[in-house]
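Down below is the structure, laid out as structure tokens.
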Amino acid sequence: MTTARFVRPLLLVLIAFFLAGGAIGQTDYQPSPENLQARREFQDMKFGMFIHWGVYSVLGDGEWVLHNRKLTLDEYNRLPAFFDPEKFDAKTWVALVKAAGMKYITITSRHHDGFAMFDSKVSNWNIVHRTPYKKDPLKMLADECHRQGIKLFFYYSQLDWHNPDYYPRGATNWDNGRPDHGDWNAYLDTYMDGQLRELLTNYGPIGGIWFDGMWDKPDADWHLAKTYALIHQLQPAALIIPNHHQKPRPGEDVQTFERDLPGENTAGFNTNYVSVQLPLETCDTLNENWGFNIGDSNYKSPAELERRLVRTAGNNANLLLNIGPYPNGEIDPQFVTRLHEVGEWLSQYGNSIYGTRGGPIPPGDWGVTTQKADKIYVHVLNWSAPLLALPPIAEKVTGARTLGDGAAVEFTQNADGLILKVPAAKKEEVDRVVVLTVKGN
Ligand code: H79
């Protein structure tokens, strides 16, 4: 009896210590072997589909419509009743991903409107409870991805324009009818972590969580260590990909950039810091919007998309290319034809992209390099002269051939660098690739 009275509190203290340690442990986060393996596989995939789809799609005015039109919540709450994606077919979506040569999907499980596009028990502000559709498309998509060997990541907005507990509110605050009080800790620990637990429990193995919106309250305590520890505890291989536009923090697995190559801050809100340790990713839109926008016909051409992918790979990063499906679940045919073209191009040039890392020669206006095993792929994107002079590389080049027809390419290598006699560009050729075979010195 005496012993039990002594042991029980001690046990509780030990458990508390262990739990706290688990959370604090993310500050000196040691990724698990499964996580490190998942990072390598992530880098090998190179090309993914970003999907922005939610009740906002109904209005055809992008995913920020609630904020941009300064709607009240009473007004926005009418919207789920019109979301009934009777044409949604997970098989068709995943088939398009595959035809485009993409290897993974990152889809909005909830955007800044806080609306869960999945079956959530944490709040009834979700697709199953509020829409006539009443089904969970993320479950169907997850099952189809598992069947077809596509990795599925969930975008999750930490910023929430709907939940009153997202308080104090942040930079994007407007008066939408929420009370001027709320329980920030409950928002993070009960609501957000509760939903993340659902996403990491009910959908089989997932690729990871893609966070967005922390920039709304950059100085707040987001309980990141706790949330990150929860994710890694539930699925050690799941990658944490935060789009907070800052230097990566402990517990994060991938550094992602928005509408910019790593380190190039043309968007104005990205960081110039580029991790040398973490896998890199950059996301961009196929037209100009993330969520469906009916007035946006500014589609990038297949050639532009292919060049973008090549430049991204040459910068050692993945490209996550976005489409915003229609509210009925169909994908704009303009997206579909372009993605098919990119997929066809990749079936010829994919060897120089998939499984590669950024090559030994710094990217330049002329082009980029990628590398894999004993091959260096010289991607000549913008060069019209017959000779291309490149800086020196450590390895000895033993052969050079064009990718595709395998024709020999003349080259000279000496201490000053490497000169390639690049074949003339064929008509409409997007990327002239010279494959160098190298031998380490
Ligand atoms: O989901 C897509 C967009 O809805 C979301 N991220 C992509 C992937 C996104 N939201 N905002 N942005 C992208 C642009 C960022 C704008 C910002 Fe700012 C400028 C963030 C910080 C400075 C405006 C001013 C918002 C906060 C302060």
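The values are calculated or read from the model by the stated rules, or taken from the named source; none is laboratory data. In this text the structure is predicted, and so the values were computed from the model without any measurement. Glycine also receives a Cβ, built like all others from the backbone with ideal geometry; neighbour counts cover every protein chain displayed.
In table form, for the structure just shown:
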| read-out | value |
| --- | --- |
| Index of the failed condition, Thr398 passing every other in (1) surrounded by fewer than 19 Cβ atoms within 10 Å (Cβ to Cβ); (2) free of Cβ contacts under 8 Å to residues at least 40 places away in the same chain | (2) |
| Residue check, Gly263 of a type in the set (Gly, Ala, Ser), within 27 Å of Leu224 (Cα to Cα) and either surrounded by fewer than 23 Cβ atoms within 10 Å (Cβ to Cβ) or over 13 Å from the mean Cα position of the chain (by Cα) (or both) | yes |
| Hits in the range 112-165 (condition: within 16 Å of the ligand (Cβ to nearest atom) and without any contact (Cβ under 8 Å) to a residue 12 or more places away in the chain) | none |
| Candidate set from the range 313-346 (those that are part of a loop (DSSP other than H, G, I, E, B) and within 16 Å of the ligand (Cβ to nearest atom)); member that is farthest from Pro132 (Cα to Cα) | Gly324 |
| Count of the range 262-293 residues which are touching a strand residue (DSSP E or B) at 6+ places or on another chain (Cβ under 6 Å), more than 12 Å from the ligand (Cβ to nearest atom) and part of a loop (DSSP other than H, G, I, E, B) | 4 |
| Given (1) of a type in the set (Asp, Glu); (2) under 19 Å from the mean Cα position of the chain (by Cα); (3) surrounded by fewer than 15 Cβ atoms within 10 Å (Cβ to Cβ), index of the condition Asp212 fails | (3) |
| Which numbered condition Tyr203 misses (of (1) outside any loop (DSSP other than H, G, I, E, B); (2) among the hydroxyl-bearing types (Ser, Thr, Tyr); (3) within 29 Å of Leu280 (Cα to Cα)) | (1) |
| Any hit, the range 325-341, residues being of a type in the set (Gly, Ala, Ser) and closer than 20 Å to Thr282 by Cβ | no |
| Residue that is nearest to the ligand (Cβ to nearest atom) [pool: residues in the range 66-81 that are within 22 Å of Ile107 (Cα to Cα) and in contact (Cβ under 8 Å) with a residue 60 or more places away in the chain] | His67 |
| Residue match in the range 250-257 (condition: within 16 Å of the ligand (Cβ to nearest atom), in a loop (DSSP other than H, G, I, E, B), under 26 Å from Asn35 (Cα atoms) and aliphatic (A, V, I, L, M)) | yes |
| Filtered residue count, the range 37-65, keeping only those that are away from the ligand (no atom under 16 Å from the Cβ), closer than 18 Å to Phe292 by Cα and within 18 Å of the chain's Cα centre (by Cα) | 0 |
| Some residue of the range 208-217 being among the β-branched types (Val, Ile, Thr), within 16 Å of the ligand (Cβ to nearest atom) and part of a loop (DSSP other than H, G, I, E, B) | no |
| Pairs, first modelled with pLDDT of 95 or more and among the aromatic types (Phe, Trp, Tyr) in the range 39-56, second within 16 Å of the ligand (Cβ to nearest atom) and assigned to a helix (DSSP H, G or I), C-beta under 7 Å, six or more apart | Tyr56/Val65; Tyr56/Leu66 |
| Condition met for Ala171 (farther than 20 Å from Asp61 by Cβ and more than 15 Å from the ligand (Cβ to nearest atom)) | no |
